[in-house]
Amino acid sequence: MNKIYFIILGAVILLVGLSSCSKGDIGPLPFIGDRVDPDGNEIIHKIRPFSFTNQNGEQVTNATYKNKIHVVDFFFTSCPSICPYVAAQMKRIQDHVADYGDVMLISHTVDPKRDSIPVLREYAEKIGANHDLWHFLRGPKDDVIEIANEDYFVAALEDEDAPGGFDHSGKIILLDKDAKIRGFCDGMDPESVTQFIKTIDYLRGTYE
Amino acid sequence: MDDGNGLGQIYPSLQKSVYLYGKLDELTCLIRTGRQSSHLSTVVMPSFSNLREAEISNLINYLSHEWGDQSILPITSIREQIETCP
C-alpha cells in the first residue's frame, strides 16, 4: 500500500516539476559560485577586477561596467567551430537589449596574438555590433584564460589539437550589476538562449 | 544560421552564393587553405586543411545540393584542385 502512495507522490512531484518547466517561469536567480570554505566562512563569488582593451582601442576595467548587467562569452575571430553559432546568438541578445541602456555585452578573445585591436574592430563591425553596447576585449592570453576558468567557470584553454588552436566553451554568462554570476546558457542552443533572454529581463526587473 | 544565411558581413551567406553557381571547383582550395588577411580584410577565414578529399567532396556536394544549382563536383576534380592549392 505504501508503495502505491510513493508512486502517486512521485507522479505528482514529476507533474508539478514538468509544468513549471514548460511554462518557463523564472524564479529568484541563484548566486552562482558562492560557497562556504572549510572554516565555515561564506565566500561571495564575483568576477575579479580586470583591465583589458576593447575594439575601439579604449582601456576598459570592471569600473567601465559598473551598474551594468553584463552578458559575456569567450571566442576568437578565426575560430572554425562553434563561434559563428554563439556569435549569432550574442547578436540576437544585442538586438533584444539594444534600447535598455543598462545591459552590455562582452566577448573576450582567447587569441590575443591573432586578434589585434584592428581585427576585433573589423569583426565587430562586420557582425553588426554596436560599439558602445558590445565590447570585444583583448588582454594577455593567460589572464583571459584564468578569468574564464576561475571566475566564469567556463573551460578555455590553448590546445593545438583543437580546431583553430583553442578549446573553449560556448556558454554565455549573465552577470548582475555587482559582477556576480546569475545565470548562463548554451550559446549553441537557440532555445536555451530564448530562456536566457527572459532571464536578462527578469534580472533587470529586480532593480526596478 | 542553420538556413545558410550567414551572419552580417562576417559569415557570408550560402544562399545564392556565387561559388555555388558555376564556381564549385574554387571551393576546394577555399575550404582547404581558408583566406588570410589582406588589404580588404584583417579577419581571416580559417583553413580546414585536416579534411580529406572525400570529406571535401561530401561537403561541397552538400552545399551545392542545399543552396546551389545541384551540380556535382567529382572527386577527381577535387584531387586535381588540391595539387594547386597554395
Any hit, the range A:90-113, residues being within 11 Å of chain B (Cβ to nearest Cβ) and of a type in the set (Gly, Ala, Ser): no
The helices (runs of 4 or more DSSP H) lying wholly within chain B that contain at least 2 residues that are touching a Phe, Trp or Tyr at 6+ places or on another chain (Cβ under 8 Å) and within 14 Å of chain A (Cβ to nearest Cβ) are B:27-33
If we only count strands (runs of 3 or more DSSP E) wholly inside the range A:66-144, which ones have 1 or more residues that are closer than 20 Å to A:CYS185 by Cα, touching a residue at least 24 places away in the same chain (Cβ under 8 Å) and small (Gly, Ala, Ser)? A:103-109
For the range A:141-149, state whether one or more residues are of a type in the set (Lys, Arg) and out of contact with any Lys or Arg (no Cβ under 9 Å at 6 or more places or on another chain). no
Residue by residue through the range A:145-163, note down the ones that are of a type in the set (D, E, K, R), assigned to a loop (DSSP other than H, G, I, E, B) and in contact with a Gly (Cβ under 9 Å, 6 or more places away or on another chain). A:ASP159
Going through the range A:164-184 in order, the residues found to be in a strand (DSSP E or B) and touching a residue at least 24 places away in the same chain (Cβ under 8 Å) are A:PHE166, A:HIS168, A:LYS171, A:ILE172, A:ILE173, A:LEU174, A:LEU175, A:ILE181, A:ARG182, A:GLY183, A:PHE184
Test of understanding: among B:GLU53, B:GLU83, which residue is touching a helix residue (DSSP H, G or I) at 6+ places or on another chain (Cβ under 8 Å) and among the charged types (D, E, K, R)? B:GLU53
Among (1) at pLDDT below 85; (2) of a type in the set (Ser, Thr, Tyr); (3) touching a Ser or Thr at 6+ places or on another chain (Cβ under 7 Å), A:SER51 falls short only on (1)
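The values are calculated or read from the model by the stated rules, or taken from the named source; none is laboratory data. Here the structure is a predicted model, which is why all the values come from computation and not from measurement. We place every Cβ from the backbone using ideal geometry, glycine too, and count neighbours over all the protein chains shown.
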